[in-house]
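**Q** Provided herewith is a single structure, encoded as structure tokens, for subsequent inquiry.
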């Protein structure tokens with residue numbers, strides 16, 4: 001299918017409630033000739049309304065998370081998890097820490113708020129900020145873990161700072177969490193600088209909350225302005241000391257520091273000032289929504305209910321801005337239903353002055369929250385629809401390749417061919433390219449560089465030069481230029497890390513993004529890792545887990561979770577050139593990379609070249625999180641069947657063949673790891689050197705055997 005680059009580009013910076021609505025509507029209705037990019041610090045967005053239920057153990061953590069990886073994939077949007085450092089409103093460019101600036105036609109900023117700190121130093125191990133919520137539970141667990149050895153002879157004393165809705169709900173729900181994750185006694189207090197809790201609520205709602213807090217022996221300390229946090233206490237501005245071994249920081253909203261770096265006008269608190277149309281007063285091409293924005297003429301409290309109501313207005317105004325039509329004005333609602341999770345199966349509700357507390361209200365809250373989250377489930381495609389995978393999955397199968405090359409004139413080929421040799425140097429060259437497996441050209445460029453250099457690295461040579469081959473889809477010159485710039489910038493980042501440089505290339509128009517490189521490297525002397533150097537008794541070692549191909553296939557079907565996707569990308573970007581250098585220095589001589597033909601296919605090439613066989617320990621082969629689950633769900637790379645046929649000489653019993661990990665032996669690996677044959681004599685030096693680096697430890701997956709020891713080249717045990 002031909003892919004044309006869109007003329008217009010809408011960017012969502014931050015994935016709060018308002019921007020999430022735009023992402024959802026983009027999937028449902030689309031924007032003609034317009035691409036959408038989402039920028040977030042996390043691969044998931046957290047729904048604040050369900051955090052108390054997660055704390056209370058009423059729902060799992062996943063229930064409060066919008067999986068941005070799956071949702072963006074399903075609607076055809078690009079997701080970028082990269083730190084934004086600034087903005088050029090006049091040039092309409094977003095600036096990043098690493099990647100090139102990104103142009104936009106319209107930008108919506110919805111990065112939320114942080115907890116107010118004033119001048120208090122809260123960066124301590126025993127202080128847990130409620131934001132960012134995506135990492136709150138992880139940080140809470142970590143703090144509790146460090147406190148376990150200290151709280152031996154007395155209860156753990158916990159102070160929740162802030163008495164707004166968030167702080168009160170945490171105080172209600174935290175005891176249930178602690179009963180599950182803390183073995184000792186604990187004491188809980190709610191600390192606020194206000195003269196009363198829930199300052200914006202009705203008297204009836206405050207009284208109901210106070211009754212609940214008193215009933216659960218949760219102390220309420222008001223008029224307490226915290227000035228200093230000590231290791232075991234809080235000190236207030238009037239010198240009062242409040243015992244606190246653990247502090248949950250849940251104060252009012254403050255503006256994130258980034259907002260001050262965007263060259264947009266802010267209010268006195270640092271939030272972006274907007275017109276009633278939600279446009280920045282500085283630039284009509286920038287919207288500021290949710291907590292990030294403040295209406296210049298009608299400011300409202302920082303609360304999620306306002307962000308939710310802004311969603312339809314923002315979506316409508318984005319559409320109107322693209323066609324230069326008059327925009328709608330957002331008017332904050334004057335009243336709304338407020339429901340507080342009391343943590344015991346009941347909720348406290350307030351509606352137009354009426355306050356109640358009962359179980360029915362909690363059922364209503366759960367129903368509202370669940371319905372809200374269901375709207376952001378990924379839009380699934382038909383699993384039966386045929387799809388050619390990308391990355392190494394679009395490679396021609398080994399069987400077809402092996403039959404075509406002799407027929408073409410008995411062409412001799414190597415993964416990394418020695419093209420020139422002197423007494424002191426060998427010059428090696430290799431080439432590789434693929435269809436982009438990601439919607440992000442910068443990430444694609446990084447992966448393409450690492451993958452193309454893989455054969456050079458696997459030979460033990462040092463990459464020095466690269467020539468690019470790039471296919472850019474048709475489209476306007478601006479988007480084509482931006483796509484090419486991001487592809488090459490991503491690739492340059494990885495070649496720079498290898499001390500190699502891009503020295504030329506060729507670019508054409510085509511149906512979809514494709515990129516690859518011809519890489520030229522140098523080996524000193526005759527020291528190379530060769531496929532034919534395996535010896536019986538050598539251990540077989542992997543430098544990366546397998547499962548990349550099936551997870552890329554799952555991602556194309558919007559079925560790779562954010563967690564699994566994060567592991568996938570991190571593993572693909574693990575650089576391998578240091579392994580090869582260490583192996584050469586330790587005297588290792590046998591190795592290859594595991595790429596398109598899968599672990600079984602590339603091992604088979606080594607065994608045939610070395611005239612030996614191998615025993616694989618299936619349970620010892622490392623696999624990526626989610627890979628086995630994807631196989632069990634019937635997902636596979638489009639190249640996997642061909643790999644399985646080419647490696648039919650693998651011997652395994654019925655039990656092993658039924659395991660998902662067996663299928664992963666044939667899974668194509670884009671940016672896969674190295675497969676090394678290491679003798680016992682060379683292993684100690686190699687392992688000792690690797691331990692001094694940040695490299696992943698080698699994993700032994702099998703042993704090389706003599707060909708007479710078994711019927712087939714590969715036996716799985």
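**Q** Among 96, 271, which comes first, then next, by fewest other beta-carbon atoms within 10 Å? Numbers along the way, then the final one.
**A** Details: 96 17, 271 22.
Listed from fewest to most nearby Cβ atoms, that is 96, 271.
**Q** Related question: What fraction of the DSSP beta bridges in region 414-528 is antiparallel, stated in percent and rounded to the nearest 5? Spell out each step's value before the answer.
**A** Values: 24 of 33 bridges.
Bridges in region 414-528 are about 75 percent antiparallel.
**Q** Provide the convex hull volume over Cα atoms per residue for region 414-528, in Å³. Walk me through the intermediate numbers first.
**A** On the way: hull volume 10.5 nm³, N = 115.
About 91 Å³ per residue, rounded to a whole number.
**Q** Compute the angle between helix 203-215 and the longest alpha-carbon principal axis of the chain, please, reported from 0 to 90 degrees and rounded to the nearest 10.
**A** Taking Cα atoms only, the helix is inclined about 70 degrees.
**Q** Among DSSP bridges having both ends in the chain, what percentage is antiparallel? Round to the nearest 5.
**A** Details: 69 of 120 bridges.
Rounded to the nearest five, the antiparallel share is 60 percent.
**Q** While we're on this one: To the nearest 10 degrees, how steeply does helix 598-610 sit against the main Cα axis of the chain, on a 0 to 90 scale?
**A** 20
**Q** What's the extension gain from residue 419 to residue 503 if we count 0.36 nm per residue and subtract their Cα-Cα distance? Let's see the in-between values first.
**A** Details: separation 84, 0.36 × 84 = 30.24 nm, distance 1.82 nm.
Residue separation times 0.36 nm, minus the Cα-Cα distance, leaves 28.4 nm.
**Q** Moving on to the next point. Within 10 Å of each residue's Cβ, count the other Cβ atoms and sort 444, 228 from fewest upward. Show your work: numbers first, answer last.
**A** Details: 444 25, 228 13.
Listing 444, 228 from fewest to most nearby Cβ atoms yields 228, 444.
**Q** Also: Over the chain, what is the relative contact order in percent, taking alpha-carbon pairs closer than 8 angstrom and at least six residues apart?
**A** Working: 1555 pairs, mean separation 96.6, N = 717.
Relative contact order of the chain: 13 percent.
**Q** Within 10 Å of each residue's Cβ, count the other Cβ atoms and sort 24, 493 from fewest upward.
**A** Numbers: 24 19, 493 16.
Ordered by Cβ neighbours within 10 Å, fewest first: 493, 24.
**Q** Here is a follow-up. With no solvent and one equal point scatterer per Cα, compute the Debye intensity ratio I(q)/I(0) for the chain at 0.09, 0.11, 0.12 Å⁻¹ and report its log10, rounded to two decimals.
**A** For the requested q values the scattering log ratios are -0.91, -1.18, -1.29.
**Q** Can I ask one more? Using only the Cα atoms, what convex hull volume per residue in Å³ does region 135-250 have?
**A** Working: hull volume 11.9 nm³, N = 116.
So the per-residue hull volume is 103 Å³.
**Q** For residue 119 and residue 328, what does the FRET efficiency come to when R0 = 56 Å and r is the distance between their Cβ atoms, rounded to the nearest 0.05? Let's see the in-between values first.
**A** Working: r = 40 Å, r/R0 = 0.72.
About 0.90, to the nearest 0.05.
**Q** Rounded to the nearest 5, what % of DSSP beta bridges with both residues in region 531-717 are antiparallel?
**A** 75
**Q** Now for a separate question. Given 10 Å bins starting at zero, what is the percent of C-alpha pairs of region 1-41 in each, up to the one with the largest pair distance?
**A** Calculated P(r), rounded to whole percents: 28, 52, 19, 1.
**Q** Mind ranking 317-326, 481-490, 670-679 by how tightly packed they are, going by the mean number of other C-beta atoms within 10 angstrom, highest first? Could the numbers behind the result be given before it?
**A** Details: 317-326: 14.6, 481-490: 19.7, 670-679: 26.5.
Listed from highest to lowest mean packing, they are 670-679, 481-490, 317-326.
**Q** Along Cα→Cβ, 7 Å out, is where each label goes; now give me the distance between the ones at residue 4 and residue 692 in nm to one decimal.
**A** Here the modelled spin labels are 5.9 nm apart.
**Q** With a cut-off of 8 Å between alpha carbons and a minimum separation of six or more residues, what is the relative contact order of region 594-717 in percent? Working shown, then result.
**A** Values: 157 pairs, mean separation 64.2, N = 124.
Relative CO of region 594-717 lands at 52 percent.
**Q** With only alpha-carbon atoms counted, please give the Rg and Dmax of region 531-717, in Å.
**A** Taking only Cα atoms of region 531-717, I get Rg and Dmax of 15.9, 47 Å.
**Q** Over region 54-211, what per residue volume does the convex hull of the Cα atoms give, in whole Å³? Numbers along the way, then the final one.
**A** Numbers: hull volume 31.8 nm³, N = 158.
That works out to 201 Å³ per residue.
**Q** Report, to the nearest 10°, how far helix 562-572 tilts away from the longest principal axis of the Cα atoms in the chain, using its own Cα long axis and a range of 0 to 90°.
**A** Between the helix axis and the principal axis of the chain, the angle is about 40 degrees.
Coordinate-derived values only; no laboratory data. Remember, predicted model here, so these are calculated numbers, not experimental data. In this analysis, Cβ positions are derived from the backbone assuming ideal geometry, glycine residues included, and neighbour counts consider all displayed protein chains.
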